[in-house]
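The values are calculated or read from the model by the stated rules, or taken from the named source; none is laboratory data. Not measured: the values here are computed from a predicted model. So basically every Cβ, Gly included, is an ideal-geometry build from the backbone, and we count neighbours across all protein chains shown. Side chains are part of the model used for accessible areas, which takes the heavy atoms of the whole protein and leaves out ligands, DNA and RNA. Shrake-Rupley method; radii C 1.70, N 1.55, O 1.52, S 1.80 Å.
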Amino acid sequence: MSANNKQYSDSHALVLPWKTRISVSAVSAVTDAFLRSDGTINRRILSLLDVKARPNPNPVKGVKSSDITVDASRNLWFRLFVPTADTASTSTSTYLPVVIFFHGGGFTFLSPSSFAYDAVCRRFARTLPAVVISVNYRLSPEHRYPSQYDDGFDVIQYLNHRSSSELKQLPDFADLSKCFLAGDSAGANLAHHVAVRASQEGTQLQVVKIIGLISIQPFFGGEERTDSELRLRKSPIVSLERTDWLWKVFLPPGSDKDHEAVNVSGPNAVDISGLEYPETVVFVAGFDPLQDRQRSYYEWLKKSGKRVRLIEYPDMMHAFYIFPELPQSSQLIAQVKEFVSHRCKSSSTMPEDCTL
C-alpha cells in the first residue's frame, strides 16, 4: 500500500448514503449470525434471508435469462444472461464476447440467483454488452477446496466440449473465442485459479479462448497480517474475524493461510511465468482490508511477466460495486466495458469481430 493511500484512509471516514449503509450493516449482521464456532452454518434459515431472483425468458431491462444444468449430481449449473437484439445492437458486430462470472460470498454464501448477483450480471450483459454465464459452484463448509475450483473449470470444459447445436440455449452470436473470466471477492479468487488451470491446459481448450480476467477486489489472505488487515480489521462485510472463519472452513483440515489457494503471491505460489495467463484488470478499494493482498497480487502478476492494470477507488469499501445507488458502481462497470472492448479489439483477427 502506498503512503499516500494509507494517509488518505487514516484521515478520512468511510462515507456512504444511508441506504447503502443500512444494506451493508444488514449483510454484516446476517453473516455474523450464521457463522458457528464449530465451523458449520445453518443453511435452512440462511436460505430464507437470501432473496432470490428467478430466471426470466422475457427480457427485463433488455436482458433475458435462463438456468442451464451442467451436473445435477453436484448442483452445478449456471445462469445465462443474454442481451436482446435491441440491447446488443449497440455493438457494431454480429458477435458478442462471453463473460464467465463467479459470485462472491467467501465461498460460503450466495448464488447466481441471489438478487444482488442476478442484478449485477444483468447489468453487465446489458452494458458491455456481453453474454454472461454466472456459475453456481459448491459452497463451503459442506464442500471444501478444491471443489469450487473444480466446478469453475468444469463449466469451461462443458462449454468447450459442446457445439452450438448441443448447447441450444447459448445464442449464435456468443463468441466463445472471446471469453473473459470475472468475479468479485471469493469469485475473483476462483477466477484466478480457473485461469491458471485453463492456462495449464493450453491446447486442450479448442473452442473456449480466455482473453481477459476481470478481478474485482479479490479475496486473498496469508498467515502474516498486512497493514490494511490490521488497520481495517472491523470493516463491514470482510472483518478480520469473518475472513479467518471463512478460510478455516474452506481449506483442507490442517492447512494454514499460506496455502496456494489463499496466498496466491506468497511462499507457496504457483509459478505462472511460463503460462499464457490472460491480461488482467484488478479493482481495489481504499476501505477494503484486503487491499494490500490485492496490490501484492497485481505486483506478482507484473513480476511474472503478465499484462495487468490496477484501478483504485480510495473512498470505497469491499463489494461497493453491487450497490447501484453508488456512482462508483457505474464507473467500475464502465471501466470493465472499456477493458473488454480493448481486449476484444486486441485479439481480433478481423475488424468486425467482437467490436463493442
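With a 1.4 Å probe and every protein chain left in place, work out the accessible area per residue of the chain in Å², rounded to a whole number.
43 Å²
Quick one: give the max-minus-min coordinate of the C-alpha atoms of the chain along each principal axis, largest first, in Å.
Principal-axis extents of the Cα atoms in the chain, largest first: 50, 45, 41 Å.
Taking the chain as a Gaussian network, where each spring joins two C-alpha atoms under 10 Å apart, which residue of PHE323, PHE220, PHE78 fluctuates the most?
Ranking PHE323, PHE220, PHE78 by mean-square fluctuation puts PHE323 first.
How big is the dipole moment of the stretch 200-307 about its Cα centre under a simple scheme where the beta carbon of each Lys and Arg is +1, that of each Asp and Glu is -1, and everything else is neutral? Debye, nearest 20, please.
320 debye
Under a GNM of the chain (C-alpha, springs under 10 Å), which listed residue has the highest mean-square fluctuation: GLU325, GLU224, GLU299?
Maximum among the listed residues: GLU224.
Tally Lys/Arg at +1 and Asp/Glu at -1 over every other residue whose Cβ is under 14 Å from the Cβ of ALA72; what's the total?
Result for the neighbourhood of ALA72: -2.
About its Cα centre, how strong a charge dipole does the chain have in debye, to the nearest 20, once Lys and Arg get +1 and Asp and Glu get -1 at the Cβ? Before the final figure, lay out each step's value.
On the way: 39 positive and 38 negative charges, 141 e Å.
The dipole of the chain has a size of about 680 debye.
Between VAL70, VAL51, VAL282, find the one with the highest GNM mean-square fluctuation for the chain; connect C-alpha pairs within less than 10 Å.
Greatest mean-square fluctuation among the candidates belongs to VAL51.
What's the FRET efficiency of ASP50 with LYS302 using the Cβ-Cβ distance as r and R₀ = 51 Å, to the nearest 0.05?
Calculated transfer efficiency: 0.85.
Against the longest alpha carbon principal axis of the chain, how many degrees, from 0 to 90 and to the nearest 10, is the axis of helix 291-303 turned?
Long axis of 291-303 versus the principal axis of the chain: about 50 degrees.
Obtain the nm distance between the two label points defined at ASN58 and ASP256 by a simple spin-label model: each point lies 7 Å from its Cα along the Cα-to-C-beta direction.
Output for this residue pair reads 5.8 nm.
Given charges of +1 on the Cβ of Lys and Arg and -1 on the Cβ of Asp and Glu, with all other atoms neutral, how large is the dipole of the stretch 156-212 about its Cα centre, in debye to the nearest 20? Don't skip to the end; give the middle numbers.
Numbers: 5 positive and 5 negative charges, 14 e Å.
The dipole magnitude comes to about 60 debye.
On the accessible surface of the chain, probed at 1.4 Å, how many percent belong to carbon and sulfur atoms?
Values: 7880 of 15290 Å².
On the chain, the fraction of accessible area on carbon and sulfur atoms equals 52 percent.
Determine how many Å³ per residue the convex hull of the Cα atoms of the stretch 15-92 encloses.
193 Å³
Want the number for ILE68 to HIS161: 0.36 nm per residue separation, take away the alpha-carbon distance, what's left?
That pair, ILE68 and HIS161, stretches by 32.0 nm at full extension.
Apply the Karplus curve 6.51 cos²θ - 1.76 cosθ + 1.60, θ = phi - 60°, to the phi angles in the stretch 310-327 and return the couplings in whole Hz, x for Gly and Pro.
Those phi angles translate into 10, 10, 10, 10, x, 8, 10, 10, 4, 6, 4, 6, 7, 9, x, 6, 7, x Hz.
Using alpha-carbon pairs under 8 Å, 6+ residues apart, how would you state the relative contact order of the chain in percent?
Relative contact order here is 18 percent.
Using +1 at the Cβ of each Lys and Arg and -1 at the Cβ of each Asp and Glu in the chain, identify which of LEU128, PHE109, TYR145 lies farthest towards the dipole's positive end.
LEU128
What's the center-to-center distance, using Cα atoms, between the stretch 92-167 and the stretch 221-243 in Å?
Centre-to-centre (Cα) distance: 27 Å.
Only loop residues by DSSP count here, and only those with at most 12 other Cβ atoms within 10 Å; note down the trypsin sites (Lys or Arg not before Pro) in the stretch 174-282 that meet that.
Numbers: sites: LYS178, ARG197, LYS209, ARG225, ARG231, ARG233, LYS234, ARG242, LYS248, LYS257; in loops: LYS209, ARG225, ARG233, LYS234, LYS257.
Listed in order of number, the matching sites are LYS234.
Among all the lysines, which ones have a C-alpha under 26 Å from LYS61's C-alpha, if same-chain residues fewer than 8 places away are not counted?
Correct list for LYS61: LYS19, LYS52, LYS168, LYS178, LYS337.
Using only Cα atoms, tell me the angle between helix 186-201 and the longest principal axis of the chain; keep it within 0 to 90° and round to the nearest 10.
Orientation of helix 186-201: about 50 degrees from the principal axis.
What net charge do the residues around ILE216 carry, taking every other residue with its C-beta under 11 Å from that of ILE216, with Lys and Arg at +1 and Asp and Glu at -1?
Values: positive: none; negative: ASP184, ASP288.
With Lys, Arg at +1 and Asp, Glu at -1, the neighbours total -2.
Just to confirm the number: angle between the C-alpha axis of helix 18-34 and the first principal axis of the chain, 0 to 90 degrees, nearest 10?
In the chain, helix 18-34 runs at an angle near 80 degrees to the longest axis.
Per-residue ellipticity at 222 nm for the chain, helices alone: DSSP H runs ≥ 4 residues times -39500 (n - 2.57), over residue total, nearest 500 deg cm²/dmol?
-11500 deg cm²/dmol
Would you mind checking the radius of gyration and Dmax of the stretch 138-243 based on alpha-carbon positions, in Å?
16.9, 54
Would you pull out the residues with amide H under 5 Å of LEU96's amide H, same chain only if 5 or more places away, H placed 1.01 Å from N?
Result for LEU96 returns ALA174, ASP175.
Write down, largest first, the equivalent ellipsoid semi-axes of the stretch 95-191 in whole Å, where each equals the square root of 5 times an eigenvalue of the alpha-carbon gyration tensor.
The three semi-axes for the stretch 95-191 are 23, 16, 10 Å.
Over the stretch 239-354, what is the relative contact order in whole percent, taking alpha-carbon pairs under 8 Å and six or more residues apart? Working shown, then result.
Working: 104 pairs, mean separation 21.3, N = 116.
The normalised contact order for the stretch 239-354 reaches 18 percent.
Note down the accessible area of PHE115, probe 1.4 Å, to the nearest 10 Å².
About 130 Å², rounded to the nearest 10.
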